[in-house]
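Structure in structure tokens, see below.
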Amino acid sequence: MTAKELVAALPEWRGAGLHLLIVRTEDEPALRRALMAHHDPEWWSWSVVKGLERPLERLGAQLTRDAATMLEKVQSLPEAMVVAYDLDAYWHDPAVARALREIAESDRPLLVMVVTTLEALVPVSLQRAGLEISLDLVVGPSGWPTTTAEAGWLASSPGLANFIQSRFTQGTRGLEWIPLGPGFEHLGGLAHFKAWAARKKLAWDPAYRLPMPRGVLLFGMSGTGKSLSAKALARFWGLPLVRLNVGQLFGSFVGQSEDRWHQALAKAEEMAPCVLWVDEVEKVLAGREGSAMTDAGTTARALGYFLTWLEEHQSPVVVVATANDVEQLPMEFLRRGRFDELFFVDLPDDLARGQILDIHLKEQAVKMDASVGEWESLITATEQFSGAELKAVVTDARFLAAERGRSVIWADLLEAAHAIVPLAKTMAEAVSMRRNWAQGRGRLA
């Protein structure tokens with residue numbers, strides 16, 4: 001709910017007999033602006049600095065800076081709505097808590113709206129006395145929910161965007177904001193994955209009224225561009241990218257791990273719509289089965305919560321998980337409902353290797369005049385190379401050329417390619433097993 005939606009709903013809620021409303025928000029100025037736009041002279045406001053006042057009257061403002069005194073004055077009014085901005089600092093005072101409970105149980109048309117932060121702890125005595133809601137931030141020019149102050153900073157200095165966005169994950173362990181990287185134009189091959197991304201992008205167009213994608217699992221060989229795909233997908237969809245560092249979510253104290261998982265995923269939902277990237281997910285999920293023997297079941301409980309969240313969350317958080325050894329993942333993690341698609345990222349074929357080499361030559365500013373024969377020779381020499389190994393070919397060729405005091409020529413690229421033993425040959429048995437496992441179990445990316 002936004003601040004404007006809240007203000008629009010207040011008359012109905014007051015008519016229904018609501019007397020105590022606790023509003024959590026990160027953007028108090030937006031709420032004040034929405035209340036002022038309503039222009040209701042009967043609404044009072046209170047702060048510890050100004051006391052109790054409204055546009056046409058100050059009800060002994062100097063005498064009502066004390067929270068208990070203010071609430072006593074409110075209880076004497078025949079009817080009123082009071083927006084209290086600093087009351088959360090006093091609601092643990094027994095006199096203040098009692099006054100709020102009496103107002104909550106009143107049969108007169110009184111409503112006290114306590115404005116507080118998202119992190120404030122509501123006293124147990126008040127948790128069921130009224131209604132507690134959280135306000136959403138409005139999506140700002142950075143593409144993420146932005147406070148009034150942050151929107152003003154961005155309007156004056158767009159260069160502040162990176163600093164503002166990084167603040168969303170500060171203080172949330174295991175969650176990291178990732179600046180958007182290159183797009184699909186810097187990602188060679190993976191034609192089926194790109195087509196899937198283009199089709200799912202229609203979900204962000206309200207004209208189609210399509211369900212939001214839940215996520216995708218990319219599994220396969222190391223160095224084939226799975227992580228880069230996550231970054232490129234976020235840019236292609238125009239969404240912020242946050243990484244879930246699962247290793248940081250496990251603590252040494254009872255209940256700490258579960259709490260960190262809950263906080264990280266709740267924060268990701270606050271940032272929605274966004275892409276949540278979980279890299280090398282099998283390294284953590286693989287230890288789930290033996291958790292009872294090693295950590296009293298902490299890992300199993302925390303990851304059980306994650307699996308439930310994957311299936312049941314309704315926020316537009318798209319999970320992109322990557323895995324090298326998919327066979328280590330539990331069966332329930334792979335089923336439909338948690339992911340829209342499972343893509344096997346294989347070693348690039350001839351066409352994809354040509355695209356990847358061309359991308360790295362341009363990125364490293366290596367200008368080459370190639371004949372068809374020279375290009376085909378390089379494609380053949382790099383058979384079974386991963387994207388990371390193709391990048392190494394270009395980099396090593398630059399070193400060879402620099403050592404010889406000239407610019408890069410095709411002979412340098414071929415020499416560099418012949419000097420590299422690809423992982424597909426070093427670990428030929430493991431690569432073959434993963435390819436065999438992927439047959440019929442996942443779509444080729």
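On a 0 to 90 degree scale, rounded to 10, what angle separates helix 191-200 from the longest Cα axis of the chain?
Here the helix axis deviates by roughly 20 degrees.
Can you tell me the convex hull volume per residue for the chain, based on C-alpha atoms, in Å³ to the nearest whole number? All intermediate terms of the calculation are to be shown ahead of the outcome.
On the way: hull volume 89.6 nm³, N = 445.
Given the Cα convex hull of the chain, per-residue volume reads 201 Å³.
Also: Nothing charged except the Cβ atoms of Lys and Arg (+1) and of Asp and Glu (-1): what's the magnitude of the dipole of segment 350-425 about its Cα centre? Round to the nearest 20 debye.
220 debye
Right, another one. Mind checking the angle between helix 256-271 and the chain's longest principal axis? C-alpha axes, 0 to 90 degrees, to the nearest 10.
90 degrees
Along the positive direction of the dipole of the chain (beta-carbon charges: Lys, Arg +1; Asp, Glu -1; about the Cα centre), which of His186, Pro123, Thr224 reaches farthest?
The one lying farthest along the dipole's positive direction is His186.
Using the Cα centre of the chain as origin and beta-carbon charges of +1 (Lys, Arg) and -1 (Asp, Glu), tell me which of Thr382, Ala264, Leu310 is placed farthest towards the positive end of the dipole.
Thr382
Which entries of Lys200/Lys267; Lys4/Lys267; Lys201/Lys367 show an alpha-carbon separation above 28 angstrom in the structure shown?
Lys201/Lys367
Would you mind checking the radius of gyration and Dmax of segment 350-425 based on alpha-carbon positions, in Å?
When restricted to the Cα atoms of segment 350-425, Rg and Dmax are 11.3, 33 Å.
Placing +1 at every Lys and Arg Cβ and -1 at every Asp and Glu Cβ, with all other atoms neutral, what dipole size does the chain have around its Cα centre, in debye to the nearest 20?
340 debye
Treating cross-link reach as a plain straight distance, find the lysines whose alpha-carbon is under 17 Å from the alpha-carbon of Lys226, omitting any fewer than eight places away in the same chain.
Cross-link targets: Lys194, Lys283, Lys391.
With the crude spin-label approximation of a point 7 Å out along Cα→Cβ, what separation in nm comes out for Ala37 versus Ala198?
So the label points at Ala37 and Ala198 sit 3.9 nm apart.
Do you know the relative contact order of the chain, to the nearest whole percent, from alpha carbon pairs under 8 angstrom that are 6+ apart?
Relative contact order here is 14 percent.
For segment 373-434, what's the relative contact order in percent, using C-alpha pairs closer than 8 Å and at least 6 residues apart?
39 percent
What is the angle, in °, between the Cα long axis of helix 226-237 and the longest principal axis of the Cα atoms in the chain? Nearest 10 is fine, range 0 to 90.
The angle comes out near 50 degrees.
Okay, next question. Mean residue ellipticity at 222 nm from the helices of the chain, using -39,500 (n - 2.57) per DSSP H segment of n ≥ 4 over the full residue count, to the nearest 500 deg cm²/dmol?
About -12500 deg cm²/dmol.
Rule-based calculations on the coordinates, nothing more; no lab input. Quick caveat, the model's predicted, so the values are computed rather than measured. Please note: Cβ atoms are built from the backbone with ideal geometry, for glycine as well, and neighbour counts cover all protein chains shown.
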